[in-house]
Amino acid sequence: MSVGDMITERLTAAFQPSFLRVTDESRRHEGHTSVASVGGETHFDVRIVSSFFSGKSRLERHQMVNNVLGNADFYEKVHALSLDIRSPDEEP
């Protein structure tokens, strides 16, 4: 399973999002040591919208996502993770 698929699977199971987009941006960082050492799939941009984030601060939301994704194996592979975490009432 790719890292992007794993991120999608874990976030979907945990937060039942109304919107989720996981974008692998590793190609934008080709040549960086962190990408070359593991062969890609190191930089991701995640946008997620879920009612689970309603009433939570930005810090709490990031902690929630990191708790779902965060284990040693994940952070050995992923060098950068950009998060845009919203509740449904914050959608434009």
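Scanning the range 1-34 for residues that are at pLDDT below 95 and closer than 10 Å to residue 48 by Cα gives no hits. Here the range 52-87 is the region considered, the condition is being assigned to a helix (DSSP H, G or I) and basic (Lys, Arg), and the residue that is nearest to residue 17 (Cα to Cα) is 61. For the range 41-92, a residue qualifies if it is among the aromatic types (Phe, Trp, Tyr) and at pLDDT below 95, and the qualifying residues are 44, 74, 75. Listed by first and then second residue, the pairs with beta-carbon distance under 6 Å, at least 6 apart or on different chains, first residue in the range 1-26 and closer than 13 Å to residue 47 by Cβ, second aromatic (Phe, Trp, Tyr) and surrounded by fewer than 18 Cβ atoms within 10 Å (Cβ to Cβ), are 15/52.
The values are calculated or read from the model by the stated rules, or taken from the named source; none is laboratory data. Given the structure is predicted, the values throughout are model-derived calculations rather than measurements. Methodologically, a virtual Cβ is constructed for each residue, glycine included, from the backbone with ideal geometry; neighbour enumeration extends over all protein chains shown.
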